[in-house]
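Participant: I'd like to ask you about the structure that follows.
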Amino acid sequence: MNTLILLLALLQAESPRPLPPRPNLAIGSSASGTLGAVSAGGAEAVEAGMTLLRNGGNAADAAAATLLALSVTDAHLFCLGGEVPILVFNAQRQTTEVLAGQGAAPSLATPAHLAPNGSIPTRGLLPAAVPAAPDAILTLLERHGTRRFADVVAPTLDLLDRHALPWHAQLAQTLRALVQAESSTPDRILGLRRAADYFYRGPIADQIDAWSRAQGGLLRRHDLATHLTRIEEPIALDYHGHTILKCGPWTQGPALLQALLILQNDPLDDSDPAADIHLIIEALKLALADRDSFYADPLFAKVPLSTLLDPNYARQRRALIDPNHASTELRPAQPLQPGQLDHAHDTTTCLVADRWGNVVAATPSGWSGTLAGQTGLWLGTRLQSFRVEPDHPNSIQPGKRPRITLSPTLVLRDGQPVLAISVAGGDLQDQVTLQLLIDLINRRRDPITAVAAPRVSTAHHIGSFAQSPPRLASLTLDDRIPPSIAEALQALGHQIDRSRNPIGAPSILVRDPRSGRLTAAGDPRAGRHAAAD
């Protein structure tokens, strides 16, 4: 019995868990300034980003520092062996690009290997995709940053040195090895590539390969050696004078744009809150039904985005919404048909802006995996987001990226960034983002009010993790929403649940392009933090 208790204690000690902030760390849930701003999960990760901004780094440098630190402060939500889609507005180039920080399935990840019993494991080593976060962070620095890896990783190394979990020391050793690889040349860009090669084509890849083979995993050295961070154009939509930018259909991001198109002619001015909630939820049901049917890695499947984002198609979808009744069926677009997670326990957030007009929006994730040998590197379990049906666009296939929920947002006005949003919460991410955009654009609420406002959600969709079945007509309401609104929605046929927990965990960053003032805010009930100078 004593041996069992000791074993359980050791396992618990090595499990990722949030780090308590340092005493007297002066970081709250909102802040404003003109020199730079960060909104993210853990307070010490926000401090890491602010340290780079205060030392003259730009938004890309600070975002890299924040992401690295989040892998420690928010290790139960994001790991360096996981993934991080990133949207970057580069003020000097006046361009926005996507860094597609999602790893592919290993070459051994066939249905027979990954889902021999007809379902994909949700925990452990088998559902691990190729680690994408390290290369995404290095690519962010290479393309948009001004600092070396050694500079941006310093706050994370300080965090790791101040805490005592065994994997902290191991991860610190791995990160210091990358710094050493980088230091072999004075050239900043070449140094970053040498750090990436050390990880993906050198000693770290060898360690992961040997450990994976010994443990019966699917990852191999050649899977890491062939990984790269794709640079992509964002998907764009004009909405009420704003340009909403999202990652492609290898994420759920375009579903937000579909929902906005469906709702674009509705005032949504909060004069009738129950009617507004009904419209928002019904639009999300339609957009998510298309997500579940068509979205996939566009390198492997033809995703009909031009049709799904066509205004005429949106009008057809809008006509399906009955103002008097909640839909009780899944309704993907029939002419295009080929041949529940309500809590933010799987992801964290990262938004950064600097004094020069650069903005970074990222949504890092990775959880429920396992430690890769002695590397200190936790792996994620993102392959569980594949579908098991062989004819589905998002079916399991070696080398293919699973369609993921991670979905950062950038918003431009007159070509300049004015808003960035990142939300933790799986299938809730774009549901929450839609409500924030309506609050900020349609209703002109300030970001601090919007990010803390009561929210709603639905599980009327196929779950993105292990394909959990839909809860048709479901509607979860924040417990702060008045009972009279709940009763009105129930009368329309919505199946009401009440939640005392925050629905999703959003961070917001608002930028005034004329004055340069930055306002960063995170929902304090959901453990989001912000700082600015």
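Participant: All but one of (1) closer than 30 Å to Thr34 by Cβ; (2) touching a helix residue (DSSP H, G or I) at 6+ places or on another chain (Cβ under 7 Å) hold for Arg517; state the number of the condition that does not hold.
Facilitator: (2)
Participant: With (1) closer than 22 Å to Thr370 by Cα; (2) modelled with pLDDT under 95; (3) surrounded by fewer than 16 Cβ atoms within 10 Å (Cβ to Cβ) as the list, and Leu114 as the residue in question, which single condition is left unmet?
Facilitator: The number of the failed condition is (3).
Participant: Would you call Leu320 in contact with a strand residue (DSSP E or B) (Cβ under 9 Å, 6 or more places away or on another chain) and either outside the structural domain of Leu475 (by TED's automatic domain parsing) or on the phi < 0 side of the Ramachandran plot (or both)?
Facilitator: On the way: in contact with a strand residue (DSSP E or B) (Cβ under 9 Å, 6 or more places away or on another chain): no; either outside the structural domain of Leu475 (by TED's automatic domain parsing) or on the phi < 0 side of the Ramachandran plot (or both): yes.
Criteria not met by Leu320.
Participant: Restricting to region 376-409, and then to whatever is surrounded by fewer than 24 Cβ atoms within 10 Å (Cβ to Cβ) and of a type in the set (Val, Ile, Thr), can you tell me which residue is farthest from Leu171 (Cα to Cα)?
Facilitator: Checking each candidate, the answer is Val388.
Participant: Filter region 238-276 down to the residues that are assigned to a strand (DSSP E or B), under 20 Å from the mean Cα position of the chain (by Cα) and of a type outside the set (Ser, Thr, Tyr) and list them by number.
Facilitator: Ile244, Leu245, Lys246
Participant: Evaluate region 465-475: report whether one residue or more is surrounded by 15 or more Cβ atoms within 10 Å (Cβ to Cβ) and part of a strand (DSSP E or B).
Facilitator: Yes, region 465-475 contains a residue that is surrounded by 15 or more Cβ atoms within 10 Å (Cβ to Cβ) and part of a strand (DSSP E or B).
Participant: Tell me which residues, restricted to region 31-42, are crowded, with 24+ Cβ neighbours inside 10 Å and over 18 Å from the mean Cα position of the chain (by Cα).
Facilitator: Just the residues of region 31-42 that are crowded, with 24+ Cβ neighbours inside 10 Å, to begin with: 36-42.
Matches in region 31-42: Gly36, Ala37.
Participant: Can you name the residue in region 212-230 that is of a type outside the set (S, T, N, Q) and touching a Ser or Thr at 6+ places or on another chain (Cβ under 8 Å) and, of all such residues, is surrounded by the fewest Cβ atoms within 10 Å (Cβ to Cβ)? Steps first, answer last, please.
Facilitator: The first filter runs over region 212-230 and keeps only residues of a type outside the set (S, T, N, Q), leaving 213-214, 216-225, 227-228, 230.
Add one more test, that the residue is touching a Ser or Thr at 6+ places or on another chain (Cβ under 8 Å), and what stays is 218-220, 222-223.
Values: Leu218: 23, Leu219: 29, Arg220: 17, His222: 13, Asp223: 27.
Filtering region 212-230 for residues that are of a type outside the set (S, T, N, Q) and touching a Ser or Thr at 6+ places or on another chain (Cβ under 8 Å), the one surrounded by the fewest Cβ atoms within 10 Å (Cβ to Cβ) comes out as His222.
Participant: Mind counting the residues in region 82-111 that are of a type outside the set (Gly, Ala, Ser) and surrounded by 24 or more Cβ atoms within 10 Å (Cβ to Cβ)?
Facilitator: Taking region 82-111 as the starting set, the residues that turn out to be of a type outside the set (Gly, Ala, Ser) are 83-90, 92-99, 102, 106, 108, 110-111.
Add one more test, that the residue is surrounded by 24 or more Cβ atoms within 10 Å (Cβ to Cβ), and what stays is 83-89, 98-99, 102, 106.
Matching residues across region 82-111 total 11.
Participant: A follow-up question, please. For region 345-362, does any single residue satisfy the condition of being under 30 Å from Leu437 (Cβ atoms), of a type outside the set (Val, Ile, Thr) and at pLDDT below 95? Don't jump to the end; show me each part of the working.
Facilitator: Narrowing region 345-362 to residues under 30 Å from Leu437 (Cβ atoms): 345-362.
Going one step further and asking which of them are of a type outside the set (Val, Ile, Thr), we end up with 345-346, 350-351, 353-358, 361-362.
Subset that is at pLDDT below 95: 345-346.
Yes, because at least one residue in region 345-362 is under 30 Å from Leu437 (Cβ atoms), of a type outside the set (Val, Ile, Thr) and at pLDDT below 95.
Participant: Now for a different question. What number of residues in region 377-432 are more than 17 Å from Pro298 (Cα to Cα) and either modelled with pLDDT under 95 or in a loop (DSSP other than H, G, I, E, B) (or both)?
Facilitator: Count: 9.
Participant: Do we have Leu157 as surrounded by 14 or more Cβ atoms within 10 Å (Cβ to Cβ), in contact with a helix residue (DSSP H, G or I) (Cβ under 8 Å, 6 or more places away or on another chain), closer than 22 Å to Asn55 by Cα and assigned by TED's automatic domain parsing to the domain that holds Glu44 here? It would help to see each step written out before you state the result.
Facilitator: Numbers: surrounded by 14 or more Cβ atoms within 10 Å (Cβ to Cβ): yes; in contact with a helix residue (DSSP H, G or I) (Cβ under 8 Å, 6 or more places away or on another chain): yes; closer than 22 Å to Asn55 by Cα: yes; assigned by TED's automatic domain parsing to the domain that holds Glu44: yes.
Yes: the conditions hold for Leu157.
Participant: Restricting attention to helices (runs of 4 or more DSSP H) lying wholly within region 86-164, give those where 2 or more residues are touching an Asp or Glu at 6+ places or on another chain (Cβ under 8 Å).
Facilitator: Values: elements: 111-114, 133-144, 149-161.
Qualifying helices (runs of 4 or more DSSP H): 133-144, 149-161.
Rundown of residues vs (1) assigned to a strand (DSSP E or B); (2) polar (S, T, N, Q), yes/no style:
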position	(1), (2)
Ser484	no, yes
Leu489	no, no
Ile496	yes, no
Pro506	yes, no
Pro513	no, no
Gly516	no, no
Thr519	yes, yes
Arg525	no, no
Ala531	yes, no
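Participant: Kindly indicate which of Leu286, Leu305, Leu263 is modelled with pLDDT of 95 or more, hydrophobic (A, V, I, L, M, F, W, C) and either in the same structural domain as Ala100 (by TED's automatic domain parsing) or surrounded by fewer than 24 Cβ atoms within 10 Å (Cβ to Cβ) (or both). Lay out the reasoning, then the answer.
Facilitator: Values: Leu286 fails: either in the same structural domain as Ala100 (by TED's automatic domain parsing) or surrounded by fewer than 24 Cβ atoms within 10 Å (Cβ to Cβ) (or both); Leu263 fails: either in the same structural domain as Ala100 (by TED's automatic domain parsing) or surrounded by fewer than 24 Cβ atoms within 10 Å (Cβ to Cβ) (or both).
Result of the check over Leu286, Leu305, Leu263: Leu305.
Participant: Quickly run through region 214-231 and pick out the residues that are polar (S, T, N, Q) and part of a loop (DSSP other than H, G, I, E, B).
Facilitator: Taking region 214-231 as the starting set, the residues that turn out to be polar (S, T, N, Q) are 215, 226, 229.
Within region 214-231, Thr226, Thr229 meet the criteria.
Participant: Could you give me the residue pairs with C-beta distances under 7 Å whose first residue belongs to region 59-78 and is assigned to a loop (DSSP other than H, G, I, E, B), whose second residue is β-branched (Val, Ile, Thr) wherever it lies, and which are 6+ apart or on separate chains?
Facilitator: Going by the 7 Å Cβ cut-off, the qualifying pairs are Asp74/Thr348; Leu77/Thr347; Leu77/Thr348; Phe78/Thr347; Phe78/Thr348.
Participant: Specify which of the listed residues (Pro483, Pro506) is farther than 23 Å from Ile321 by Cβ and either of a type in the set (A, V, I, L, M) or crowded, with 17+ Cβ neighbours inside 10 Å (or both). Full working, then the answer.
Facilitator: Details: Pro483 fails: either of a type in the set (A, V, I, L, M) or crowded, with 17+ Cβ neighbours inside 10 Å (or both).
Every option except Pro506 fails the conditions.
Participant: So how many residues does region 446-484 have that are out of contact with any Leu (no Cβ under 9 Å at 6 or more places or on another chain) and under 19 Å from Ala520 (Cβ atoms)?
Facilitator: Number of matching residues: 3.
Participant: Return the total of residues in region 137-154 being small (Gly, Ala, Ser) and surrounded by 24 or more Cβ atoms within 10 Å (Cβ to Cβ).
Facilitator: Residues meeting the conditions: 1.
The values are calculated or read from the model by the stated rules, or taken from the named source; none is laboratory data. Being a predicted model, the structure only gives us computed values, none of them experimental. Note that each Cβ is placed from the backbone with ideal geometry, even for glycine, and that neighbours are counted across all protein chains shown.
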